[in-house]
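Enquirer: If you scroll down you'll find the structure; I have some questions about it.
The values are calculated or read from the model by the stated rules, or taken from the named source; none is laboratory data. Just so we're clear, the structure is a prediction, and the values are computed from it rather than from any experiment. Here the Cβ is made from the backbone with ideal geometry for all residues, glycine too, and neighbour counts use every protein chain on show. In case anyone asks, the SASA skips ligands and DNA or RNA and just uses the protein heavy atoms, side chains included. Shrake-Rupley method; radii C 1.70, N 1.55, O 1.52, S 1.80 Å.
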Amino acid sequence: MESTLDELDRAMLAALHDNSRIGVLELSRTLGVARATVSARLQRLEDTGVIRGYQPRIGLAAAGYGVQAFVTLEIAQGALGDVVAVLEQIPGVLEAFATTGAGDVLCRVAAASHDDLQRTLIVLNQSRTIARSTSVVVLSELVEFRAMPLLNTAELDRTPKAPAYRDSHRKR
């Protein structure tokens, strides 16, 4: 898929990544472009799903949920929709992905303790749509979720349309 992000889009995303509480006016000042340009770009990035929200990144351990695990689920044939409904009812399931390979679904689960994790796993395994689960307990997080290094690897083949930004960031 071809990248729809140009240099200004990436600069906006980087600024938001560094300070998600930055306002439109400050963002326009930081980037040296008109406020209307920033507003329109943000709206487009939101509408296309590039920006999916502005929630705070929560430190689960600091919030009392210091135990995390990745749980691979093998599910009954054709039961993906039913499994989604089961997973959404379990507060400790942070995210879940349909996968290829040995398992069908990979979940990231958080719990307050190992006993709490065990209770969550028991609830998962009581579902008639889940045939088997395999768990791997997280010891530590080595690399936080990040997207900017990936976005910064894309070819910068699109010239920003915003004249003020384009003129102030010309390649020398």
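Enquirer: Counting other Cβ atoms within 10 Å, keep those with at most 16, restrict to DSSP loop, and tell me which chymotrypsin sites (Phe, Trp or Tyr not before Pro) in region 45-94 are left.
Expert: Tyr54
Enquirer: Length gain on complete extension for the stretch Leu139 to Ala40, per 0.36 nm per residue less the alpha carbon to alpha carbon distance?
Expert: This chain segment gains 31.4 nm when fully extended.
Enquirer: Picking from Ala40, Pro91, Phe70, whose Cα lies most toward the positive end of the charge dipole for the chain (charges on Cβ: Lys, Arg +1; Asp, Glu -1)?
Expert: With unit charges placed on the Cβ atoms, the residue in question is Ala40.
Enquirer: Loop sites only, by DSSP: take the GluC sites (Glu not before Pro) in the chain that have at most 11 other C-beta atoms within 10 Å and name the longest stretch containing none of them.
Expert: Of all site-free stretches, the longest is 3-140.
Enquirer: For n ≥ 4 DSSP H runs only, could you compute -39500 (n - 2.57) per run for the chain, divide by its residues and tell me the 222 nm figure to the nearest 500?
Expert: Mean residue ellipticity at 222 nm (helix-derived): -11000 deg cm²/dmol.
Enquirer: Right, another one. Which residue, Thr134, Thr100, Thr72, tops the fluctuation ranking in a GNM of the chain built on C-alpha contacts under 10 Å?
Expert: Result for the chain, Cα springs under 10 Å: Thr100 fluctuates most.
Enquirer: If DNA, RNA and ligands are ignored and the probe is 1.4 Å, what is the ranking of Arg41, Arg108 by accessible area, most exposed first? The partial results should precede the final answer.
Expert: Numbers: Arg41 25, Arg108 55 Å².
Putting Arg41, Arg108 in descending order of accessible area: Arg108, Arg41.
Enquirer: Can I ask one more? In debye to the nearest 20, how big a dipole does region 37-154 give about its Cα centre with +1 on each Lys and Arg Cβ and -1 on each Asp and Glu Cβ?
Expert: Once rounded to the nearest 20, the dipole reads 220 debye.
Enquirer: Given region 29-155 reduced to its alpha-carbon atoms as identical point scatterers, what log10 I(q)/I(0) does the Debye formula return at q = 0.09, 0.10 Å⁻¹?
Expert: Treating every Cα as an identical point scatterer, log10 I(q)/I(0) equals -0.39, -0.47.
Enquirer: Turning to a different aspect of this structure: To the nearest 0.05, how large is the calculated FRET efficiency for Arg52 and Arg29 if R₀ is 25 Å and r is the Cβ-Cβ distance?
Expert: 0.50
Enquirer: Please calculate the 1.4 Å probe accessible area of Thr153, with all protein chains present, and give it to the nearest 10 Å².
Expert: Per-residue accessible area (Thr153): approximately 100 Å².
Enquirer: Okay, next question. When the chain is fully extended, how far beyond the present Cα-Cα distance does Ala98 get from Gln126, taking 0.36 nm per residue of separation?
Expert: In short, 8.1 nm is gained.
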